[in-house]
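Worksheet: one structure, shown below.
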Amino acid sequence: MLTAVLDAGFNSFRLSIFQVFPNGTFRNIGSIKNFVRLGEGLKEGEPVSETKVKQAERTLAEFLKVIRNNKVDNVIAVGTSAFRFASNGQDVAGRLSKSFGYDLRIISGEDEGKFSSVGVLNTLPINDGLIFDLGGGSLELVLVKDRRIQEVKQFPLGALKMGGKPEDLIRKEIRSAVSSMNLRDNVKVYGSGGNLRAIAKMDIKAKGRIIKTVHGYHITSKVMNRYAKLLNSMGVKERAGLPGIDEGRALTVNTGAIIIDEIISSVKSTGVTVSAFGLREGLIMGEKIDQLDEMKRKWLSFFSYSLGLDPSYFQGVLKGNLESYVTYLVLNVQTAGFLSKFSTCITMLRSSTLPGFSREEIRAMIALCGVAGKGKVKKKFYKLVKDQMKKKDLYVKAMKVRSEVRDFNLWKEERSVKA
């Protein structure tokens, strides 16, 4: 089934089309974005201008063509902070709903924070921490304990809304917002939002990381502070020339960096872990938060569905450890017809987002694939996991993967002969 999600935000309107699989997982098969900046210059209680409304209508007309061309089965459309702040927010939402052909629902700041955090929690192995969603008009802070949402707060402190204000004032307002959550120091921080993802892309490209996707990427407090200073010292055109930052994002990424830096600093955290998922994905997931093992199994099934395979065929190999997860992935790659199953598995893990797993787990899975394929521990693979396990342990685990793949293939051949 195809589901389209429209996020009509303060800064940009984005339409994402997802292929939703039987177990509720999904993959993004395409997105289109337009920096409408509906809330630009908007003060709370003032109306959205007619010029901005017409621009929004033109954008939604483009989005509607995409929906129809892709024969989308289901459409979810939400409006966020600009609609909440504006005196004519309800009227604008009604007008856009009529022109778009689908109901545009205004969600509260609390609901925005809740759905965003569900998108993060159901795609990263998080137990406790602070999750934030930074948009153009608002900032949502969500406290999580034992994978349960404890508290949600929304503040009108988005990157576009705060743009142009003195840095010391921005930091003061962010500190005040964070202090209202009564958080302990050194809390783990997780974040979503376009500005954070843009900074992560820039850092990954600058450092040549082995894993190219932003999901689960950790930016240290020191690095984020450096980016906050650097980006704020540059003009919009200079920022737009940086890797990972496009012209539309360049307008707000400097303010976004200051906000993120201050969130991290306010709780004395080591940094922020980036989520590629947030509000749009949370709206598809609903309110249920998966437990860690369930989450991992679901997203491994997503890998099978993405390759056009039946995940139940491989479920027997899953035993709740990394070796079994790697075995599952390798068998899927092999069954899908790739000749070099271990190296293909490495390529996919490096370049494709596999939700449900931490960055450390992905690195270990790449190492296990590499050693299992080569039959020996090469330096480049051990380098990925030297902080997680000893060389001997890596070899033993990898050989277990190799053995499990071989045994599964023998079982498959035996079953084929009997049939």
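The values are calculated or read from the model by the stated rules, or taken from the named source; none is laboratory data. Note that the structure is predicted; figures quoted are calculated from it, not measured. All Cβ positions, glycine included, derive from the backbone under ideal geometry; neighbour counts span all protein chains shown. These accessible areas exclude ligands, DNA and RNA; they are computed on the full protein's heavy atoms, side chains included. Shrake-Rupley method; radii C 1.70, N 1.55, O 1.52, S 1.80 Å.
A few notes on this one:
- Residue, nearest to residue 37 (Cα to Cα), within region 81-104, restricted to residues that are in contact with a Gly (Cβ under 7 Å, 6 or more places away or on another chain) and either in a helix (DSSP H, G or I) or open to solvent by less than 60 Å² (accessible area, probe 1.4 Å) (or both): 82
- Filter result for residue 172 (assigned to a helix (DSSP H, G or I), modelled with pLDDT of 95 or more and not β-branched (Val, Ile, Thr)): yes
- Taken across region 2-14, residues that are farther than 21 Å from residue 113 by Cα, basic (Lys, Arg) and either open to solvent by 40 Å² or more (accessible area, probe 1.4 Å) or outside any loop (DSSP other than H, G, I, E, B) (or both) do not occur at all.
- Qualifying residue in region 88-98 (condition: over 27 Å from residue 66 (Cα atoms) and not β-branched (Val, Ile, Thr)): yes
- Odd one out for residue 209, checked against (1) under 17 Å from the mean Cα position of the chain (by Cα); (2) within 30 Å of residue 327 (Cβ to Cβ); (3) part of a loop (DSSP other than H, G, I, E, B): (1)
To keep it simple, each residue is scored yes or no on (1) among the small types (Gly, Ala, Ser); (2) farther than 25 Å from residue 238 by Cα.
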position: 130; (1), (2): no, yes
position: 136; (1), (2): yes, no
position: 166; (1), (2): no, no
position: 172; (1), (2): no, yes
position: 195; (1), (2): no, no
position: 202; (1), (2): no, no
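- When we screen 67, 107, 76 for residues that are open to solvent by 20 Å² or more (accessible area, probe 1.4 Å) and either β-branched (Val, Ile, Thr) or touching a residue at least 40 places away in the same chain (Cβ under 8 Å) (or both), the only hit is 76.
- Residue among 279, 231 that is farther than 26 Å from residue 147 by Cβ and of a type outside the set (Gly, Ala, Ser): 231
- Restricting region 136-169 to residues that are polar (S, T, N, Q) and in a strand (DSSP E or B), the residue that is surrounded by the fewest Cβ atoms within 10 Å (Cβ to Cβ) is 150.
- Residue within region 388-404 that is polar (S, T, N, Q) and in contact with a helix residue (DSSP H, G or I) (Cβ under 8 Å, 6 or more places away or on another chain) present: yes
- In region 321-363, the residue that is least open to solvent (accessible area, probe 1.4 Å) out of those that are among the small types (Gly, Ala, Ser), assigned to a loop (DSSP other than H, G, I, E, B) and within 16 Å of residue 276 (Cβ to Cβ) is 356.
- Where residue 302 falls short, out of the listed (1) more than 20 Å from the chain's Cα centre (by Cα); (2) farther than 30 Å from residue 178 by Cβ: (1)
- Complete set of residues in region 15-25 that are among the small types (Gly, Ala, Ser) and either crowded, with 16+ Cβ neighbours inside 10 Å or under 15 Å from the mean Cα position of the chain (by Cα) (or both): 16
- Matching residues, region 182-198, being within 21 Å of residue 119 (Cα to Cα) and either of a type in the set (Ser, Thr, Tyr) or not in a strand (DSSP E or B) (or both): 187, 188, 190, 192, 193, 194, 195, 196, 197, 198
- For region 26-53, taking the residues that are part of a loop (DSSP other than H, G, I, E, B) and in contact with a helix residue (DSSP H, G or I) (Cβ under 7 Å, 6 or more places away or on another chain), the one that is most open to solvent (accessible area, probe 1.4 Å) is identified as 44.
- Of all residues making up region 175-186, the number that are modelled with pLDDT of 95 or more and of a type in the set (A, V, I, L, M, F, W, C): 2
- Region 385-403, residues that are open to solvent by 20 Å² or more (accessible area, probe 1.4 Å) and either touching a residue at least 24 places away in the same chain (Cβ under 8 Å) or among the acidic types (Asp, Glu) (or both): 387, 388, 389, 393, 395, 397, 399, 400, 402
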